[in-house]
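Written out below as structure tokens is the structure these notes cover.
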Amino acid sequence: MTLGKKKTAANVIRYVVLILVGFIMVYPLLWMISATFKDNSEIFTNMGLIPRTFSLNGYMNAFNDYGGNINIWQAMLNTYSYVIPKVLFTIVSTTITAYGFGRFEFVGKKFLFAVLMGTLFLPQVVLNVPQFILYNNLGWVDSHFYLPLIVPTLFAIDTYFVFMLIQFLRNVPKELEEAAKIDGCNVFQILFKIICPMLKPAIVSCALFQFMWSSNDFMGPLLYVKTPARYPAAIFVKLSMDADTGFEWNRVLAVSLISIVPSLLVFFFAQDSFIDGIAAGSVKG
């Protein structure tokens, strides 16, 4: 066998293995989609992707109200009414914080950075009680504007994103900033006109992570949202599984699928920048 044929055979085997592994990984999602079109009795008796009896009952029942004046559309509107501000405030606060730690020298910098990194290892469950007491004393619990979920993101509480942006910032040549200073740019102009465009892949990655994590967050809304009409999609999905309706799995899966569609769309539209950000983060400056 010639070298060319060996290379072709190796490529064929490689792609076949990748396709099989990819299909195995995506199969649960494909099964979930197909299960929404099955009868409730067929879901656990037919593991195939093609329903024996095609049914739209799951989607028709998915639009029912649960837990009072709330439905899937209202729940999704509630979700993104605080998820989008969280994403925007997180990007702004973490970018400014990372820029400060990555480019400036000030008294106590190493100590403050160590404290910042230390919070990365602090489990959220440890903070739930003191945070709830604080927000309750401030009158923010069950706020119409989801203040306990949004306001903390103004203070760069997501340490992972700060660390991630600092690592990216180390790959940005300081000569660009020095040239901008010579041209008369101040600190904020350098940040928004020089640094931010260079950090775009990293910022998109942070935004995607925050968007998906906030959309899937269950504990935060469970603690701070008390009015059923303001429940987000994560809690609405749980409500659709309660007691007397918990066994209608086609409806439960339909509700779950509808709730994750925006996250999937956002990821697919931004995947190029996301991949660039992940790849750039693996390169040492």
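Please list, ordered by first then second residue, the pairs with beta carbon atoms under 6 Å, 6 or more apart or interchain, first in segment 252-266 and in a helix (DSSP H, G or I), second of a type in the set (Ser, Thr, Tyr) and open to solvent by 20 Å² or more (accessible area, probe 1.4 Å).
Going by the 6 Å Cβ cut-off, the qualifying pairs are ALA254/TYR59.
If ARG14 satisfies all but one of (1) charged (D, E, K, R); (2) over 30 Å from LYS200 (Cβ atoms); (3) buried (at least 17 other Cβ atoms within 10 Å of the Cβ), what's the number of the condition it fails?
Against the list (1) charged (D, E, K, R); (2) over 30 Å from LYS200 (Cβ atoms); (3) buried (at least 17 other Cβ atoms within 10 Å of the Cβ), ARG14 comes up short only on (3).
Looking only at segment 1-41, which residues are among the hydrophobic types (A, V, I, L, M, F, W, C) and either under 24 Å from the mean Cα position of the chain (by Cα) or assigned to a loop (DSSP other than H, G, I, E, B) (or both)?
Start the filter on segment 1-41 by keeping residues that are among the hydrophobic types (A, V, I, L, M, F, W, C), which leaves 1, 3, 9-10, 12-13, 16-21, 23-26, 29-33, 35, 37.
Correct list: MET1, PHE23, ILE24, MET25, VAL26, LEU29, LEU30, TRP31, MET32, ILE33, PHE37.
Is it the case that TYR82 is over 26 Å from GLU178 (Cβ atoms), touching a Leu at 6+ places or on another chain (Cβ under 8 Å) and either buried (at least 16 other Cβ atoms within 10 Å of the Cβ) or at pLDDT 90 or above (or both)?
yes
Which of the numbered conditions does VAL172 fail, given that it passes all the others? Conditions: (1) under 30 Å from VAL225 (Cα atoms); (2) outside any helix (DSSP H, G or I).
(1)
Can you pull out every residue in segment 45-66 that is within 26 Å of the chain's Cα centre (by Cα) and open to solvent by 40 Å² or more (accessible area, probe 1.4 Å)?
Matches in segment 45-66: TYR59, PHE63.
Of the residues that make up segment 153-165, is at least one closer than 30 Å to PRO228 by Cα, among the hydrophobic types (A, V, I, L, M, F, W, C) and not in a loop (DSSP other than H, G, I, E, B)? Steps first, please.
Taking segment 153-165 as the starting set, the residues that turn out to be closer than 30 Å to PRO228 by Cα are 153-158.
Now restrict to residues that are among the hydrophobic types (A, V, I, L, M, F, W, C): 154-157.
Remaining after also requiring not in a loop (DSSP other than H, G, I, E, B): 154-155.
Yes, that holds for at least one residue.
Say we look at segment 157-209 and pick out the residues that are touching a residue at least 40 places away in the same chain (Cβ under 8 Å) and of a type in the set (Phe, Trp, Tyr); which of these is surrounded by the fewest Cβ atoms within 10 Å (Cβ to Cβ)?
TYR160
Residue under question is ASP65, and the condition is that it be among the acidic types (Asp, Glu) and without any contact (Cβ under 8 Å) to a residue 60 or more places away in the chain; does it hold? Talk me through it step by step, then tell me what you get.
On the way: among the acidic types (Asp, Glu): yes; without any contact (Cβ under 8 Å) to a residue 60 or more places away in the chain: yes.
It is true that ASP65 is among the acidic types (Asp, Glu) and without any contact (Cβ under 8 Å) to a residue 60 or more places away in the chain.
So the check is Cβ under 7 Å with 6+ separation or different chains; which pairs have a first residue in segment 137-149 that's at positive phi and a second one that's basic (Lys, Arg) and open to solvent by 60 Å² or more (accessible area, probe 1.4 Å)?
ASP142/LYS226
Quick one: would you say CYS196 is assigned to a helix (DSSP H, G or I), closer than 14 Å to ILE91 by Cα and within 19 Å of the chain's Cα centre (by Cα)?
So CYS196 does not fit the description; no.
Condition test on ILE70, is it more than 30 Å from THR153 (Cα to Cα), in a loop (DSSP other than H, G, I, E, B) and β-branched (Val, Ile, Thr)?
Values: more than 30 Å from THR153 (Cα to Cα): no; in a loop (DSSP other than H, G, I, E, B): yes; β-branched (Val, Ile, Thr): yes.
Considered against the rule, which asks whether it is more than 30 Å from THR153 (Cα to Cα), in a loop (DSSP other than H, G, I, E, B) and β-branched (Val, Ile, Thr), ILE70 comes out as no.
How many residues does segment 217-267 contain that are among the polar types (S, T, N, Q) and surrounded by fewer than 16 Cβ atoms within 10 Å (Cβ to Cβ)?
The total comes to 2.
The values are calculated or read from the model by the stated rules, or taken from the named source; none is laboratory data. Because the structure is predicted, anything quoted here is derived from the model rather than measured. Note: ideal-geometry Cβ built from the backbone for every residue, glycine included; neighbour counts use all protein chains shown. The accessibility values were calculated without ligands, DNA or RNA, using every heavy atom of the protein model including side chains. Shrake-Rupley method; radii C 1.70, N 1.55, O 1.52, S 1.80 Å.
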